[in-house]
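Undergrad: Below is the structure I would like to discuss, written out as structure tokens.
Coordinate-derived values only; no laboratory data. These numbers were taken from a predicted model, which means no experiment stands behind them. Cβ atoms come from the backbone with ideal geometry, glycine included; neighbour counts cover every protein chain shown.
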Amino acid sequence: MQVMVDRAPPGPPAADDRVVAAALRCIARWGLAKTTVDDVAREAGVGRATLYRLFPGGRDALLEAVVRHEVERLGHRLGAAAATAVTLEDVVVAWFAEAAELVADHPALQFLLAHEPESVLPQLAFGRLDALLERAAALGGPLLERWIDQPEDRARAVEWMARVLLSYTLAPSPDVDVRDRESLRRFARAFIIPGLTRSSA
Amino acid sequence: MERSARTRLLEAAYACIGRYGLGKTTVEDVAREAGVSRATVYRHFPGGRDELLREVIAWETTRFFLRLAEAVAGIRDFADLLEEALLYAHEAVESHAVLQQVLATEPERLLPTLTVESARICGHVAEFLTPYLEAAPRRCPGVEPGQAADYVARMFLSWIGAPGRWDLTDRAQVRALVRTEFLAGILLLDDETKRGLPSH
């Protein structure tokens, strides 16, 4: 109930959103290992008690909320991109561009990749990558309904795109500029679209 | 040919990692395992423990891919080559006792180094694949072999690390995967070659 009270004011961002944003700023500045609950509370301008009330469980609960928040943000961008796309090629290009932009313009993630890779990379390989791909397919698959009929083909397509994105954003290629939509379109036309249309034919 | 002192140290370190894990292996353990002094270890690996562990990961990664290259040697057709390589590599990852043990208990110690390694290996895999693509008789128009090889190498590494929704022990599935996600835009594959083989 206390949480509801904190969330009540409609104008400014809800308290938990402010705390999540503050946590991202702290991580971008000091990294994950050095960011404490006190740092985040101070940065957000809330008391320690309030933070614990918003995130029972403290630091772990807060970090989970941060990840959930960022995944939702990506989900919204991908949803919006799919809503305005006309062709399957449009979606593929827009998704690559949106996700690459989010990663490149994400100071907290960039700090972690550069200075604390052990906090991020284990999530992106082997068993945990399998789990991530499954989640991506579950979130992104339904957005492709207009272009790909079968749910299994949609899940396959999203899993594939997620792999491509991870590879080309974590290890940039001189052949593909992920910040340039024309470059992404050439790449998608060459390697992705033929397989999508073939698998969904 | 006699193995170099450096190789013996890498082998010793690898044995220690299998026994104690990455976090608990010390320079002293490796020296004892190799039957040399700590000073000898430091002479070969001046960076000490961190350098030694990094070098072991690089060394075993290279050995892994050399074994893979050997397993697919002699296959001429590009699609067949990828099919065999995926089947082999998936099985080799699954049955790699030291890798699986480290992944289960201390992935955060392995994966940053392995990711750096995988960027290096990706370049080697692409180099390995390029001549096959240059020689491939039914390349799609406009496909540049070097670029296509880089793409295929990336996908290959992604799938052997995490098979996702694919069963990479099933030959028919691997065949379908190679002919769509890997090669649909790269080679013109007719119906005959697209048809999956029964699994074995």
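Undergrad: What dipole magnitude, in Debye to the nearest 20, does chain B give about its Cα centre under +1 on Lys/Arg Cβ and -1 on Asp/Glu Cβ?
TA: Once rounded to the nearest 20, the dipole reads 460 debye.
Undergrad: For segment B:1-56, report the % of Cα-Cα distances exceeding 17 Å.
TA: The proportion of pairs with Cα distances above 17 Å equals 22 percent.
Undergrad: Contour minus end-to-end for residue B:40 and residue B:66, with contour as 0.36 nm per residue of separation and end-to-end as the Cα-Cα distance?
TA: Separation in residues times 0.36 nm, less the Cα-Cα distance, equals 6.5 nm.
Undergrad: Given labels modelled 7 Å from the Cα in the Cβ direction, how far is it in nm from residue B:51 to residue B:100?
TA: 3.4
Undergrad: Short version: what are the Cα gyration tensor semi-axes of segment B:65-118, square root of 5 times each eigenvalue, largest first, in whole Å?
TA: In descending order, the three semi-axes are 27, 12, 8 Å.
Undergrad: Using the charge dipole of segment B:70-134 (Lys, Arg: +1 at Cβ; Asp, Glu: -1 at Cβ; taken about the Cα centre), state which of B:75, B:119, B:131 has its Cα farthest towards the positive end.
TA: After comparing all options, I get B:119.
Undergrad: At 222 nm, what helix-only mean residue ellipticity would the protein assembly as shown give, in deg cm²/dmol to the nearest 500, using -39500 (n - 2.57) for each DSSP H run of four or more?
TA: When only DSSP H runs of four or more count, the value is -22000 deg cm²/dmol.
Undergrad: Please state the Cα pair-distance histogram of the protein assembly as shown with 10 angstrom bins from zero: what percent is in each bin?
TA: Reading the bins upward from 0: 4, 19, 27, 24, 16, 8, 2, 0.
Undergrad: Under unit Cβ charges (Lys, Arg +1; Asp, Glu -1), what dipole magnitude, rounded to 20 debye, does segment B:1-56 have relative to its Cα centre?
TA: That gives a dipole near 60 debye.
Undergrad: If you average 1/r over all unlike Cα pairs in segment B:21-155 and invert the result, what Kirkwood radius do you get in angstrom?
TA: 17.1
Undergrad: So how far, in whole Å, is the C-alpha centre of segment A:143-201 from the one of segment B:51-81?
TA: When both Cα centres are located, 27 Å separates them.
Undergrad: Moving on. Assigning unit charges at the beta carbon (Lys, Arg +1; Asp, Glu -1) and nothing else, what dipole magnitude in debye, to the nearest 20, does segment A:62-201 show about its Cα centre?
TA: Value, rounded to 20: 260 debye.
Undergrad: Please state, as a whole number in µm²/s, the translational diffusion coefficient that the Stokes-Einstein equation yields for chain A at 4 °C and 1.567 mPa s, with Rh defined as the Kirkwood radius across alpha carbon pairs.
TA: Once the numbers are plugged in, D ends up at 70 µm²/s.
Undergrad: May I ask you to compute the full-extension gain from residue A:131 to residue A:179, defined as 0.36 nm times their residue separation minus their alpha-carbon distance, rounded to one decimal in nm?
TA: 14.6 nm
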